[in-house]
1. Taking Ser131, is it over 24 Å from Lys14 (Cα atoms) and touching a helix residue (DSSP H, G or I) at 6+ places or on another chain (Cβ under 6 Å)?
2. Starting from the stretch 86-101, take each residue that is aliphatic (A, V, I, L, M) and list its partners that are open to solvent by 50 Å² or more (accessible area, probe 1.4 Å) and assigned to a loop (DSSP other than H, G, I, E, B), counting only C-beta distances under 7 angstrom and pairs at least six apart or across chains.
3. Taking the conditions exactly as written (aliphatic (A, V, I, L, M) and closer than 22 Å to Ile152 by Cα), does Leu361 satisfy them or not?
4. Among what's in the stretch 73-88 and is among the aromatic types (Phe, Trp, Tyr) and surrounded by fewer than 21 Cβ atoms within 10 Å (Cβ to Cβ), pick the residue that is farthest from Gly255 (Cα to Cα).
5. Within the set of pairs 6+ apart or on separate chains, which have a first residue in the stretch 7-20 that is surrounded by 15 or more Cβ atoms within 10 Å (Cβ to Cβ), a second that is polar (S, T, N, Q) and modelled with pLDDT under 90, and C-beta atoms under 7 Å apart?
6. Thr243: touching a Leu at 6+ places or on another chain (Cβ under 8 Å) and either within 18 Å of Pro70 (Cα to Cα) or β-branched (Val, Ile, Thr) (or both), yes or no?
7. Do you know which residues across the stretch 359-369 are closer than 19 Å to Met410 by Cβ and buried (at least 16 other Cβ atoms within 10 Å of the Cβ)?
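The values are calculated or read from the model by the stated rules, or taken from the named source; none is laboratory data. Everything quoted here is computed from the prediction, not taken from an experiment. Here the Cβ positions follow ideal geometry from the backbone for every residue, glycine too, while neighbour counts run over all protein chains shown. SASA here: full protein model, heavy atoms, side chains in, ligands and nucleic acids out. Shrake-Rupley method; radii C 1.70, N 1.55, O 1.52, S 1.80 Å.
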Amino acid sequence: APSPTTAVPYMSVKCIDVRKNHHKTKWLMPWGPNHCKKLKDFDEAVSRQIEANDIVFAVHVPLPTKEMSPWFQFMLFIMQLDIAFKMDNDLKENAEITLDVSLAYRDDTFSEWEEIAHAIEIRKLKCTFSSPKTLESEGRHYDCDFLPFMEIGSVAHKYYLINIRLPVNERKGINVGIGEIKDIRLVGIHQNGGFTKVWFAMKTFLTPSILIIMVWYWRRITLMTRAPVLLEKVIFALGISMTFINIPVEWFSIGFDWTWMLLFGDIRQGIFYAMLLSFWIIFCGEHMMDQSERNQLSGYWKQVGPIAVGSFCLFIFDMCERGVQLKNPFYSIWTTEVGTELAMAFIIVAGICLCLYFLFLCFMVFQVFRNISGKQSSLPAMSKARRLHYEGLIFRFKFLMLITLACAAMTVIFFIVSQVTEGHWKWGDITIQVNSAFFTGIYGMWNLYVFALMFLYAPSHKNYGEDQSNGDLGVNSGEELQLTTTITHVDGPTEVYKLARKEAQE
(Lines give C-alpha, C1' and ligand atoms only; values in the text may rest on other atoms or scores of the structure.)
Protein backbone atom coordinates (compact mmCIF):
# COMPACT_ATOMS: atom_id res chain seq x y z
CA ALA A 1 0.00 0.00 0.00
CA PRO A 2 1.17 3.58 -0.54
CA SER A 3 2.01 5.70 2.52
CA PRO A 4 -1.09 6.37 4.68
CA THR A 5 -1.23 10.15 4.24
CA THR A 6 -0.14 12.91 1.86
CA ALA A 7 0.68 16.50 2.82
CA VAL A 8 -0.01 19.19 0.19
CA PRO A 9 1.25 22.79 0.71
CA TYR A 10 -1.05 25.67 -0.28
CA MET A 11 -0.18 29.36 -0.52
CA SER A 12 -3.08 31.73 0.08
CA VAL A 13 -3.89 34.47 -2.43
CA LYS A 14 -4.59 37.98 -1.12
CA CYS A 15 -7.95 39.13 -2.53
CA ILE A 16 -9.48 42.60 -2.29
CA ASP A 17 -13.03 42.74 -0.95
CA VAL A 18 -14.14 46.35 -0.99
CA ARG A 19 -17.87 45.71 -0.58
CA LYS A 20 -19.48 46.28 2.81
CA ASN A 21 -21.27 43.61 4.85
CA HIS A 22 -18.50 41.10 4.13
CA HIS A 23 -20.16 37.92 5.40
CA LYS A 24 -23.13 38.08 3.05
CA THR A 25 -21.04 38.63 -0.08
CA LYS A 26 -20.05 35.99 -2.58
CA TRP A 27 -16.99 33.85 -2.08
CA LEU A 28 -13.60 35.02 -3.30
CA MET A 29 -11.82 32.60 -5.67
CA PRO A 30 -8.00 32.78 -5.92
CA TRP A 31 -7.87 31.74 -9.60
CA GLY A 32 -10.09 30.62 -12.50
CA PRO A 33 -12.55 32.55 -14.66
CA ASN A 34 -14.22 34.34 -11.71
CA HIS A 35 -11.08 35.04 -9.74
CA CYS A 36 -10.87 37.95 -7.31
CA LYS A 37 -8.87 41.15 -7.65
CA LYS A 38 -5.48 40.30 -6.21
CA LEU A 39 -2.80 42.10 -4.23
CA LYS A 40 0.89 41.29 -4.66
CA ASP A 41 1.79 42.41 -1.15
CA PHE A 42 0.69 44.72 1.65
CA ASP A 43 2.85 47.60 0.41
CA GLU A 44 0.56 47.74 -2.62
CA ALA A 45 -2.46 47.74 -0.26
CA VAL A 46 -1.01 50.74 1.64
CA SER A 47 -0.29 52.67 -1.57
CA ARG A 48 -3.85 51.96 -2.82
CA GLN A 49 -5.32 52.82 0.62
CA ILE A 50 -6.89 49.37 1.05
CA GLU A 51 -7.63 48.56 4.71
CA ALA A 52 -6.72 45.29 6.42
CA ASN A 53 -10.46 44.54 6.88
CA ASP A 54 -10.87 44.54 3.09
CA ILE A 55 -8.26 41.84 2.45
CA VAL A 56 -9.28 38.18 2.25
CA PHE A 57 -6.81 35.30 2.10
CA ALA A 58 -8.31 32.73 -0.30
CA VAL A 59 -7.24 29.08 -0.64
CA HIS A 60 -8.76 26.64 -3.12
CA VAL A 61 -8.48 22.91 -2.30
CA PRO A 62 -7.20 21.02 -4.23
CA LEU A 63 -4.63 22.67 -6.52
CA PRO A 64 -5.73 23.60 -10.10
CA THR A 65 -6.66 20.71 -12.49
CA LYS A 66 -7.10 18.28 -9.57
CA GLU A 67 -10.16 17.24 -7.56
CA MET A 68 -10.75 15.72 -4.13
CA SER A 69 -12.21 12.24 -3.62
CA PRO A 70 -14.22 10.45 -0.88
CA TRP A 71 -11.37 7.89 -0.81
CA PHE A 72 -9.26 10.54 0.98
CA GLN A 73 -11.43 9.93 4.12
CA PHE A 74 -10.44 13.10 6.02
CA MET A 75 -8.77 16.49 5.65
CA LEU A 76 -6.53 18.05 8.28
CA PHE A 77 -5.16 21.57 7.76
CA ILE A 78 -2.40 23.36 9.62
CA MET A 79 -1.46 26.99 9.20
CA GLN A 80 1.89 28.74 9.02
CA LEU A 81 2.14 32.52 9.13
CA ASP A 82 4.96 34.44 7.46
CA ILE A 83 5.51 37.38 9.83
CA ALA A 84 8.18 39.98 9.08
CA PHE A 85 9.94 42.07 11.73
CA LYS A 86 9.35 45.82 11.70
CA MET A 87 10.51 48.26 14.35
CA ASP A 88 7.20 50.15 14.45
CA ASN A 89 5.03 47.02 14.28
CA ASP A 90 6.70 44.47 16.54
CA LEU A 91 5.19 41.15 17.63
CA LYS A 92 3.96 41.36 21.24
CA GLU A 93 4.63 38.72 23.89
CA ASN A 94 1.85 36.09 23.95
CA ALA A 95 0.24 37.69 20.90
CA GLU A 96 -3.09 36.28 19.75
CA ILE A 97 -4.37 36.33 16.20
CA THR A 98 -8.11 36.42 15.49
CA LEU A 99 -9.22 34.62 12.33
CA ASP A 100 -12.60 35.06 10.65
CA VAL A 101 -12.73 31.82 8.63
CA SER A 102 -15.27 30.35 6.22
CA LEU A 103 -15.34 27.04 4.37
CA ALA A 104 -17.43 26.22 1.28
CA TYR A 105 -17.75 23.40 -1.25
CA ARG A 106 -19.02 22.66 -4.75
CA ASP A 107 -19.00 19.57 -6.98
CA ASP A 108 -18.42 21.21 -10.36
CA THR A 109 -16.59 24.25 -11.64
CA PHE A 110 -19.62 26.37 -12.58
CA SER A 111 -22.11 26.03 -9.67
CA GLU A 112 -22.32 28.39 -6.67
CA TRP A 113 -20.28 27.78 -3.52
CA GLU A 114 -22.22 26.30 -0.58
CA GLU A 115 -21.12 27.19 2.95
CA ILE A 116 -20.09 24.33 5.26
CA ALA A 117 -18.86 26.29 8.27
CA HIS A 118 -18.03 29.78 9.46
CA ALA A 119 -16.26 30.64 12.71
CA ILE A 120 -14.20 33.28 14.47
CA GLU A 121 -11.19 31.55 15.99
CA ILE A 122 -8.32 32.77 18.18
CA ARG A 123 -4.86 31.24 17.89
CA LYS A 124 -1.82 31.93 20.07
CA LEU A 125 1.32 32.90 18.15
CA LYS A 126 4.52 31.15 19.26
CA CYS A 127 7.33 32.84 17.36
CA THR A 128 11.06 33.36 17.88
CA PHE A 129 13.40 35.87 16.24
CA SER A 130 17.01 34.74 15.89
CA SER A 131 18.56 38.11 14.93
CA PRO A 132 18.84 41.19 17.16
CA LYS A 133 15.80 43.48 16.79
CA THR A 134 17.53 46.43 15.08
CA LEU A 135 16.86 48.47 11.92
CA GLU A 136 19.20 46.18 9.94
CA SER A 137 16.95 43.19 10.77
CA GLU A 138 13.78 44.79 9.37
CA GLY A 139 12.08 42.53 6.81
CA ARG A 140 13.48 39.30 8.24
CA HIS A 141 10.89 36.68 9.15
CA TYR A 142 10.06 35.30 12.57
CA ASP A 143 10.30 31.54 13.05
CA CYS A 144 6.72 30.62 14.00
CA ASP A 145 5.21 27.30 15.07
CA PHE A 146 2.52 25.60 13.02
CA LEU A 147 -1.03 26.43 14.14
CA PRO A 148 -3.85 23.84 14.07
CA PHE A 149 -6.39 25.17 11.57
CA MET A 150 -9.12 22.72 10.56
CA GLU A 151 -10.14 19.06 10.49
CA ILE A 152 -13.00 17.46 8.52
CA GLY A 153 -14.00 13.81 8.97
CA SER A 154 -15.09 13.21 5.37
CA VAL A 155 -14.15 14.40 1.88
CA ALA A 156 -17.54 14.13 0.19
CA HIS A 157 -17.07 16.97 -2.32
CA LYS A 158 -14.69 17.66 -5.20
CA TYR A 159 -13.76 21.29 -4.52
CA TYR A 160 -13.35 23.29 -1.31
CA LEU A 161 -12.74 26.99 -0.79
CA ILE A 162 -11.33 28.62 2.35
CA ASN A 163 -11.66 32.37 2.92
CA ILE A 164 -9.67 33.83 5.84
CA ARG A 165 -10.03 37.40 7.10
CA LEU A 166 -7.91 39.09 9.76
CA PRO A 167 -10.33 41.70 11.16
CA VAL A 168 -8.57 44.64 12.84
CA ASN A 169 -10.21 46.57 15.67
CA GLU A 170 -7.75 48.78 17.55
CA ARG A 171 -10.30 49.85 20.18
CA LYS A 172 -10.96 46.23 21.19
CA GLY A 173 -7.34 45.19 20.65
CA ILE A 174 -8.24 42.63 17.97
CA ASN A 175 -5.29 41.68 15.73
CA VAL A 176 -3.10 44.44 17.20
CA GLY A 177 0.56 43.72 17.92
CA ILE A 178 0.76 40.62 15.73
CA GLY A 179 3.65 41.90 13.59
CA GLU A 180 3.56 42.44 9.85
CA ILE A 181 1.90 39.39 8.29
CA LYS A 182 3.23 38.82 4.79
CA ASP A 183 1.56 35.54 3.83
CA ILE A 184 -0.60 32.71 5.14
CA ARG A 185 0.40 29.18 4.16
CA LEU A 186 -1.68 26.06 4.74
CA VAL A 187 -0.64 22.41 4.67
CA GLY A 188 -3.47 20.01 3.83
CA ILE A 189 -3.09 16.39 4.99
CA HIS A 190 -5.42 13.66 3.72
CA GLN A 191 -5.39 9.86 3.60
CA ASN A 192 -4.13 8.32 0.37
CA GLY A 193 -6.82 6.74 -1.80
CA GLY A 194 -4.61 3.70 -2.52
CA PHE A 195 -4.05 3.09 1.19
CA THR A 196 -7.82 3.44 1.84
CA LYS A 197 -8.57 0.75 -0.75
CA VAL A 198 -6.03 -1.68 0.77
CA TRP A 199 -7.45 -0.94 4.25
CA PHE A 200 -11.06 -1.55 3.14
CA ALA A 201 -10.06 -4.76 1.34
CA MET A 202 -8.37 -6.06 4.52
CA LYS A 203 -11.45 -5.28 6.63
CA THR A 204 -13.81 -6.88 4.10
CA PHE A 205 -11.68 -10.05 3.97
CA LEU A 206 -11.06 -10.36 7.73
CA THR A 207 -14.66 -9.78 8.93
CA PRO A 208 -16.10 -13.16 7.75
CA SER A 209 -12.99 -15.10 8.89
CA ILE A 210 -13.30 -13.86 12.50
CA LEU A 211 -17.10 -14.30 12.42
CA ILE A 212 -16.78 -17.95 11.29
CA ILE A 213 -14.19 -18.82 13.98
CA MET A 214 -16.38 -17.09 16.63
CA VAL A 215 -19.45 -19.16 15.70
CA TRP A 216 -17.36 -22.36 15.65
CA TYR A 217 -15.74 -21.51 19.01
CA TRP A 218 -19.00 -20.71 20.80
CA ARG A 219 -20.65 -23.83 19.35
CA ARG A 220 -17.81 -25.94 20.81
CA ILE A 221 -18.38 -24.36 24.23
CA THR A 222 -22.18 -24.82 24.16
CA LEU A 223 -21.70 -28.55 23.36
CA MET A 224 -20.11 -28.98 26.80
CA THR A 225 -22.20 -30.16 29.74
CA ARG A 226 -20.74 -27.39 31.94
CA ALA A 227 -21.22 -23.63 31.85
CA PRO A 228 -18.56 -21.53 30.06
CA VAL A 229 -15.78 -20.28 32.34
CA LEU A 230 -14.46 -16.74 32.71
CA LEU A 231 -11.52 -17.20 30.31
CA GLU A 232 -13.79 -18.60 27.58
CA LYS A 233 -16.25 -15.72 28.03
CA VAL A 234 -13.44 -13.14 27.86
CA ILE A 235 -12.00 -14.70 24.67
CA PHE A 236 -15.48 -14.58 23.12
CA ALA A 237 -15.88 -10.91 24.19
CA LEU A 238 -12.48 -10.18 22.58
CA GLY A 239 -13.76 -11.83 19.38
CA ILE A 240 -16.87 -9.59 19.46
CA SER A 241 -14.76 -6.41 19.91
CA MET A 242 -12.47 -7.54 17.04
CA THR A 243 -15.51 -8.12 14.80
CA PHE A 244 -16.82 -4.65 15.77
CA ILE A 245 -13.56 -3.03 14.64
CA ASN A 246 -13.48 -5.23 11.49
CA ILE A 247 -16.97 -4.54 10.09
CA PRO A 248 -16.21 -2.32 7.07
CA VAL A 249 -18.80 0.41 7.66
CA GLU A 250 -16.24 2.74 6.05
CA TRP A 251 -17.59 1.66 2.65
CA PHE A 252 -20.58 3.91 3.40
CA SER A 253 -18.25 6.92 3.72
CA ILE A 254 -17.65 6.70 -0.05
CA GLY A 255 -21.32 7.40 -0.81
CA PHE A 256 -22.42 9.42 2.24
CA ASP A 257 -21.10 12.59 3.84
CA TRP A 258 -20.59 11.11 7.30
CA THR A 259 -18.27 13.50 9.15
CA TRP A 260 -18.54 11.45 12.36
CA MET A 261 -16.63 8.45 10.91
CA LEU A 262 -13.29 9.57 12.47
CA LEU A 263 -14.87 9.76 15.94
CA PHE A 264 -16.66 6.43 15.42
CA GLY A 265 -13.35 4.83 14.37
CA ASP A 266 -11.66 6.15 17.52
CA ILE A 267 -14.44 4.74 19.74
CA ARG A 268 -14.24 1.32 18.04
CA GLN A 269 -10.50 1.22 18.47
CA GLY A 270 -10.80 2.32 22.12
CA ILE A 271 -13.25 -0.49 22.93
CA PHE A 272 -10.91 -3.04 21.34
CA TYR A 273 -7.84 -1.67 23.20
CA ALA A 274 -9.68 -1.80 26.55
CA MET A 275 -10.90 -5.35 25.87
CA LEU A 276 -7.44 -6.55 24.73
CA LEU A 277 -5.64 -5.07 27.77
CA SER A 278 -8.26 -6.52 30.16
CA PHE A 279 -8.03 -9.91 28.45
CA TRP A 280 -4.25 -10.10 28.91
CA ILE A 281 -4.56 -9.44 32.64
CA ILE A 282 -7.29 -12.08 33.08
CA PHE A 283 -5.46 -14.53 30.78
CA CYS A 284 -2.27 -14.38 32.90
CA GLY A 285 -4.20 -14.30 36.17
CA GLU A 286 -6.18 -17.43 35.32
CA HIS A 287 -2.92 -19.29 34.66
CA MET A 288 -1.33 -18.31 37.97
CA MET A 289 -1.47 -21.70 39.62
CA ASP A 290 -1.37 -20.42 43.19
CA GLN A 291 -4.13 -17.83 42.83
CA SER A 292 -7.09 -18.54 45.10
CA GLU A 293 -9.78 -16.36 43.48
CA ARG A 294 -10.27 -17.81 40.01
CA ASN A 295 -12.99 -17.83 37.41
CA GLN A 296 -14.54 -14.59 38.78
CA LEU A 297 -14.37 -11.18 37.16
CA SER A 298 -14.57 -9.56 40.63
CA GLY A 299 -11.08 -10.97 41.38
CA TYR A 300 -9.58 -8.67 38.74
CA TRP A 301 -11.23 -5.34 39.55
CA LYS A 302 -7.94 -3.80 40.74
CA GLN A 303 -6.32 -4.45 37.35
CA VAL A 304 -9.32 -3.97 35.04
CA GLY A 305 -10.61 -0.86 36.89
CA PRO A 306 -7.70 1.44 35.89
CA ILE A 307 -7.99 0.24 32.25
CA ALA A 308 -11.68 1.25 32.26
CA VAL A 309 -10.88 4.64 33.86
CA GLY A 310 -8.04 5.30 31.37
CA SER A 311 -10.26 4.38 28.41
CA PHE A 312 -13.02 6.69 29.70
CA CYS A 313 -10.53 9.59 30.08
CA LEU A 314 -9.31 9.12 26.50
CA PHE A 315 -12.94 8.97 25.31
CA ILE A 316 -13.69 12.31 27.04
CA PHE A 317 -10.55 13.84 25.50
CA ASP A 318 -11.58 12.60 22.04
CA MET A 319 -15.10 14.02 22.46
CA CYS A 320 -13.58 17.39 23.43
CA GLU A 321 -11.57 17.45 20.19
CA ARG A 322 -13.34 15.47 17.45
CA GLY A 323 -16.80 15.70 19.02
CA VAL A 324 -16.75 19.52 18.85
CA GLN A 325 -15.24 19.43 15.34
CA LEU A 326 -18.48 17.86 14.05
CA LYS A 327 -20.08 21.28 14.61
CA ASN A 328 -17.06 23.51 14.09
CA PRO A 329 -14.22 22.01 11.99
CA PHE A 330 -11.93 24.95 12.93
CA TYR A 331 -12.03 24.10 16.63
CA SER A 332 -8.92 22.63 18.25
CA ILE A 333 -8.22 21.79 21.88
CA TRP A 334 -4.58 22.73 21.19
CA THR A 335 -5.37 26.42 20.67
CA THR A 336 -5.59 27.39 24.35
CA GLU A 337 -2.90 27.03 27.02
CA VAL A 338 -5.19 24.96 29.24
CA GLY A 339 -6.31 22.79 26.30
CA THR A 340 -2.73 22.12 25.17
CA GLU A 341 -1.61 21.24 28.71
CA LEU A 342 -4.63 18.97 29.21
CA ALA A 343 -4.12 17.26 25.83
CA MET A 344 -0.39 16.74 26.46
CA ALA A 345 -1.13 15.51 30.00
CA PHE A 346 -3.70 13.02 28.67
CA ILE A 347 -1.29 11.61 26.08
CA ILE A 348 1.72 11.50 28.45
CA VAL A 349 -0.29 9.85 31.27
CA ALA A 350 -1.78 7.34 28.81
CA GLY A 351 1.73 6.54 27.49
CA ILE A 352 3.17 6.10 31.03
CA CYS A 353 0.22 3.92 32.09
CA LEU A 354 0.70 1.73 29.01
CA CYS A 355 4.41 1.27 29.71
CA LEU A 356 3.71 0.41 33.37
CA TYR A 357 0.97 -1.95 32.26
CA PHE A 358 3.40 -3.69 29.89
CA LEU A 359 6.00 -4.12 32.68
CA PHE A 360 3.29 -5.54 34.97
CA LEU A 361 2.21 -7.93 32.21
CA CYS A 362 5.84 -9.09 31.71
CA PHE A 363 6.06 -9.77 35.46
CA MET A 364 2.80 -11.81 35.39
CA VAL A 365 4.00 -13.81 32.35
CA PHE A 366 7.32 -14.49 34.13
CA GLN A 367 5.41 -15.84 37.16
CA VAL A 368 3.25 -18.05 34.94
CA PHE A 369 6.34 -19.45 33.18
CA ARG A 370 7.99 -20.14 36.54
CA ASN A 371 4.88 -21.99 37.72
CA ILE A 372 4.59 -24.06 34.54
CA SER A 373 8.32 -24.97 34.65
CA GLY A 374 7.87 -26.16 38.25
CA LYS A 375 5.05 -28.47 37.21
CA GLN A 376 7.06 -30.09 34.42
CA SER A 377 9.01 -32.10 37.01
CA SER A 378 6.06 -34.53 37.35
CA LEU A 379 6.03 -35.35 33.62
CA PRO A 380 8.64 -38.21 33.59
CA ALA A 381 6.45 -40.34 35.91
CA MET A 382 3.63 -40.46 33.33
CA SER A 383 2.94 -42.95 30.58
CA LYS A 384 4.43 -42.02 27.20
CA ALA A 385 1.16 -40.96 25.49
CA ARG A 386 0.14 -38.91 28.51
CA ARG A 387 3.57 -37.26 28.80
CA LEU A 388 3.65 -36.34 25.10
CA HIS A 389 0.16 -34.87 25.43
CA TYR A 390 1.23 -32.69 28.38
CA GLU A 391 4.48 -31.63 26.72
CA GLY A 392 2.52 -30.54 23.65
CA LEU A 393 0.04 -28.69 25.86
CA ILE A 394 2.78 -26.84 27.77
CA PHE A 395 4.68 -26.01 24.55
CA ARG A 396 1.50 -24.55 23.00
CA PHE A 397 0.85 -22.56 26.16
CA LYS A 398 4.42 -21.14 26.34
CA PHE A 399 4.30 -20.27 22.64
CA LEU A 400 0.99 -18.43 23.14
CA MET A 401 2.42 -16.53 26.12
CA LEU A 402 5.43 -15.34 24.09
CA ILE A 403 3.15 -14.30 21.20
CA THR A 404 1.02 -12.42 23.77
CA LEU A 405 4.06 -10.47 24.97
CA ALA A 406 5.10 -9.66 21.39
CA CYS A 407 1.56 -8.48 20.58
CA ALA A 408 1.45 -6.38 23.76
CA ALA A 409 4.81 -4.74 22.97
CA MET A 410 3.78 -3.93 19.39
CA THR A 411 0.39 -2.57 20.54
CA VAL A 412 2.03 -0.26 23.13
CA ILE A 413 4.55 1.00 20.51
CA PHE A 414 1.75 1.48 17.95
CA PHE A 415 -0.41 3.46 20.41
CA ILE A 416 2.42 5.82 21.44
CA VAL A 417 3.73 6.34 17.89
CA SER A 418 0.25 6.97 16.43
CA GLN A 419 -0.45 9.57 19.16
CA VAL A 420 2.87 11.33 18.47
CA THR A 421 2.30 11.20 14.69
CA GLU A 422 -1.19 12.66 15.04
CA GLY A 423 0.08 15.36 17.38
CA HIS A 424 3.36 16.33 15.76
CA TRP A 425 1.68 18.86 13.47
CA LYS A 426 0.14 20.40 16.56
CA TRP A 427 3.18 20.80 18.77
CA GLY A 428 6.04 21.40 16.40
CA ASP A 429 9.38 19.70 16.13
CA ILE A 430 8.80 15.95 16.49
CA THR A 431 8.41 14.21 13.14
CA ILE A 432 7.89 10.46 12.80
CA GLN A 433 7.27 8.83 9.45
CA VAL A 434 4.89 5.92 9.87
CA ASN A 435 4.40 3.81 6.76
CA SER A 436 1.39 1.76 5.77
CA ALA A 437 3.14 -1.56 6.56
CA PHE A 438 3.04 -0.58 10.24
CA PHE A 439 -0.72 0.12 10.23
CA THR A 440 -1.73 -2.93 8.17
CA GLY A 441 0.78 -5.14 10.02
CA ILE A 442 -0.53 -4.27 13.49
CA TYR A 443 -4.13 -4.65 12.33
CA GLY A 444 -3.41 -8.04 10.74
CA MET A 445 -1.51 -9.12 13.88
CA TRP A 446 -4.55 -8.40 16.11
CA ASN A 447 -6.81 -10.45 13.86
CA LEU A 448 -4.38 -13.39 13.68
CA TYR A 449 -3.93 -13.29 17.45
CA VAL A 450 -7.68 -13.37 18.18
CA PHE A 451 -8.10 -16.14 15.57
CA ALA A 452 -5.29 -18.20 17.16
CA LEU A 453 -6.75 -17.73 20.67
CA MET A 454 -10.15 -19.07 19.67
CA PHE A 455 -8.57 -21.92 17.76
CA LEU A 456 -6.28 -22.97 20.62
CA TYR A 457 -8.77 -22.41 23.44
CA ALA A 458 -11.83 -24.07 21.94
CA PRO A 459 -12.62 -27.12 24.11
CA SER A 460 -11.35 -30.33 22.52
CA HIS A 461 -13.69 -33.30 22.24
CA LYS A 462 -10.99 -35.94 21.86
CA ASN A 463 -11.18 -38.85 24.31
CA TYR A 464 -8.21 -40.62 25.80
CA GLY A 465 -8.74 -44.32 26.63
CA GLU A 466 -8.25 -46.02 30.04
CA ASP A 467 -4.74 -47.24 29.20
CA GLN A 468 -3.50 -43.73 28.61
CA SER A 469 -5.05 -41.94 31.53
CA ASN A 470 -5.22 -44.26 34.53
CA GLY A 471 -2.76 -43.98 37.33
CA ASP A 472 -1.22 -40.63 36.38
CA LEU A 473 -3.34 -38.07 38.11
CA GLY A 474 -6.43 -40.09 38.87
CA VAL A 475 -8.09 -38.72 35.73
CA ASN A 476 -11.25 -40.47 34.58
CA SER A 477 -11.40 -41.94 31.08
CA GLY A 478 -13.18 -39.80 28.52
CA GLU A 479 -11.63 -36.67 30.09
CA GLU A 480 -11.75 -33.54 27.94
CA LEU A 481 -8.36 -32.22 27.05
CA GLN A 482 -7.94 -28.55 26.33
CA LEU A 483 -5.70 -25.59 26.90
CA THR A 484 -8.02 -23.84 29.35
CA THR A 485 -6.95 -24.24 32.95
CA THR A 486 -9.74 -22.98 35.11
CA ILE A 487 -12.71 -25.30 34.90
CA THR A 488 -13.85 -26.88 38.16
CA HIS A 489 -17.36 -27.74 37.04
CA VAL A 490 -19.37 -30.81 36.02
CA ASP A 491 -16.79 -32.15 33.59
CA GLY A 492 -14.00 -31.82 36.12
CA PRO A 493 -10.88 -29.65 36.04
CA THR A 494 -8.77 -29.49 32.90
CA GLU A 495 -5.34 -30.93 32.34
CA VAL A 496 -2.89 -28.09 33.02
CA TYR A 497 -5.01 -27.07 36.01
CA LYS A 498 -4.94 -30.63 37.45
CA LEU A 499 -1.24 -30.91 36.82
CA ALA A 500 -0.65 -27.70 38.76
CA ARG A 501 -3.00 -28.54 41.62
CA LYS A 502 -1.53 -32.04 42.06
CA GLU A 503 1.98 -30.59 42.25
CA ALA A 504 0.84 -27.94 44.73
CA GLN A 505 -0.72 -30.57 47.02
CA GLU A 506 2.43 -32.69 46.98
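1. It is true that Ser131 is over 24 Å from Lys14 (Cα atoms) and touching a helix residue (DSSP H, G or I) at 6+ places or on another chain (Cβ under 6 Å).
2. Cβ pairs passing all conditions: Met87/Glu138.
3. Spelling it out, it is not the case that Leu361 is aliphatic (A, V, I, L, M) and closer than 22 Å to Ile152 by Cα.
4. Pass one, the stretch 73-88, residues among the aromatic types (Phe, Trp, Tyr): 74, 77, 85.
Adding the requirement that they be surrounded by fewer than 21 Cβ atoms within 10 Å (Cβ to Cβ) leaves 74, 85.
Values: Phe74: 14, Phe85: 48 Å.
Per the stated criteria, the residue is Phe85.
5. Qualifying pairs under 7 Å: Asp17/Thr25.
6. Spelling it out, Thr243 is indeed touching a Leu at 6+ places or on another chain (Cβ under 8 Å) and either within 18 Å of Pro70 (Cα to Cα) or β-branched (Val, Ile, Thr) (or both).
7. Result: Leu361, Met364, Val365.
Residues checked against (1) open to solvent by 30 Å² or more (accessible area, probe 1.4 Å); (2) small (Gly, Ala, Ser):
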residue: Gln269; (1), (2): yes, no
residue: Phe272; (1), (2): no, no
residue: Ile282; (1), (2): no, no
residue: Leu297; (1), (2): yes, no
residue: Lys302; (1), (2): yes, no
residue: Ala308; (1), (2): yes, yes
residue: Cys313; (1), (2): yes, no
